[in-house]
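Read the structure below first, then the notes.
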Amino acid sequence: MSTSGIPAQFTEAELKLLQTLVYQECGMHFDERRTHFLQDRLQRRLKECQLDSFYSYYRLLISNEGKHELARLLENLTVNETSFFRNKAQMDLFHKYILDEILHHKQARRDFSLRIWSAGCSTGQEPYTIAMLVADALAYYYLRNPFPCEMPSPKPLIPPPWKVEILASDISYAVLRAGQEGIYTEAQMASVDYSYRLRYFDKIGDRYAVKKAVKELVHFDFHNLKTEYLPQRNDIIFCRNVMMYFDEAEQKRLTEKFARCLNPQGYLFVGHAESLLGLTDRFTMVHRNSGTAYQRMEVTV
Ligand SMILES: C[S@@+](CC[C@H](N)C(=O)[O-])C[C@H]1O[C@@H](n2cnc3c(N)ncnc32)[C@H](O)[C@@H]1O
């Protein structure tokens with residue numbers, strides 16, 4: 001709706017301008033199937049800003065004063081669907097095989113740090129799932145490979161000398177705030193079994209709050225995957241159900257950036273409906289019991 005109450009209409013040129021701007025800012029690509037969604041969200045923002053034409057809205061977005069509105073628009077265009085333990089087979093591959101392998105290699109080099117990045121973390125279910133699985137994997141690993149190091153009391157979630165950092169990033173401030181809060185409804189907890197609920201959550205009324213020790217492993221921060229400078233030196237990157245909203249050119253650029261953001265032989269997890277096939281030759285696919293991941297290949301000279 002415009003300020004007059006009549007819905008403002010796009011010209012082809014205005015729609016193209018706004019589509020291009022969104023693509024340049026965050027990589028999201030709106031093909032014919034998703035144009036309607038884009039138009040609907042733009043119309044809502046136009047009404048909110050009390051502007052009469054999409055051209056004036058576009059002018060606002062590219063101005064210095066429009067930075068805040070641009071962030072709001074991008075936030076309104078994202079799809080934030082997520083869940084705990086999403087894609088069980090993939091999480092098993094991560095937990096039972098890949099983590100174990102990485103911990104062994106690291107211990108051999110006396111490197112006791114583990115850095116994992118959940119890129120496009122939405123409301124936090126993915127990074128908290130990662131944190132719970134890392135805590136379990138490390139506890140089990142420590143049983144088999146105890147390290148001559150004094151165990152503080154009470155026993156910490158992460159046995160020393162190991163240090164775990166999980167970075168959870170997104171382009172939407174609203175989901176980052178929800179993730180930081182770490183409180184989930186019964187419906188959101190549907191895929192969390194009781195052993196995890198008991199160990200890693202506190203029940204507050206009819207909701208579940210992630211325990212402090214788990215929260216301390218996860219750091220939420222804003223990162224736009226479209227930008228060149230992204231967090232480096234990760235052992236593992238999860239970027240699931242994000243690239244599917246980008247076009248092929250953007251997917252190629254992003255996988256190249258991820259290769260640079262990973263440590264040698266690091267792993268990349270993408271969503272069930274996503275694949276690196278045809279995008280890059282920097283990774284090799286690892287497949288186990290229906291779970292898939294991609295390992296960064298090292299170039300031999
Ligand atoms: C469908 S959710 C996926 C959440 C989680 N990774 C999962 O698989 O359950 C996609 C997330 O990617 C974020 N996103 C989209 N474009 C992005 C960009 N350019 N930079 C960072 N995050 C982005 C969205 O805000 C949204 O929270």
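A residue that is more than 26 Å from the chain's Cα centre (by Cα) and away from the ligand (no atom under 16 Å from the Cβ) occurs somewhere in region 160-173. Whenever a residue of region 171-185 is more than 21 Å from GLU25 (Cα to Cα) and in contact (Cβ under 8 Å) with a residue 12 or more places away in the chain, its partners that are hydroxyl-bearing (Ser, Thr, Tyr) and near the ligand (Cβ under 9 Å from one of its atoms), lying with C-beta atoms within less than 8 angstrom and at least six residues away or across chains, give the pairs ALA178/THR123; GLY179/SER122; GLY179/THR123.
In region 71-114, of all residues being among the basic types (Lys, Arg) and within 16 Å of the ligand (Cβ to nearest atom), the one that is nearest to HIS223 (Cα to Cα) corresponds to ARG72.
Does LYS163 satisfy the criteria of being among the charged types (D, E, K, R) and either touching a residue at least 40 places away in the same chain (Cβ under 8 Å) or outside the structural domain of GLY179 (by TED's automatic domain parsing) (or both)? Judged against the criteria, LYS163 is a match.
The criterion of at least 1 residues that are over 25 Å from the mean Cα position of the chain (by Cα) and within 24 Å of THR292 (Cβ to Cβ) is met by the following helices (runs of 4 or more DSSP H) wholly inside region 1-120: 99-108. Among the residues of region 206-231, the one identified as in a strand (DSSP E or B), away from the ligand (no atom under 12 Å from the Cβ), surrounded by fewer than 19 Cβ atoms within 10 Å (Cβ to Cβ) and under 17 Å from the mean Cα position of the chain (by Cα) is HIS219. Out of curiosity, is LEU138 assigned by TED's automatic domain parsing to the domain that holds ASP221, within 16 Å of the ligand (Cβ to nearest atom), surrounded by fewer than 21 Cβ atoms within 10 Å (Cβ to Cβ) and closer than 17 Å to SER113 by Cα? No: the conditions fail for LEU138.
The values are calculated or read from the model by the stated rules, or taken from the named source; none is laboratory data. Please read these numbers as outputs of a predicted model, since none were measured by experiment. So basically every Cβ, Gly included, is an ideal-geometry build from the backbone, and we count neighbours across all protein chains shown.
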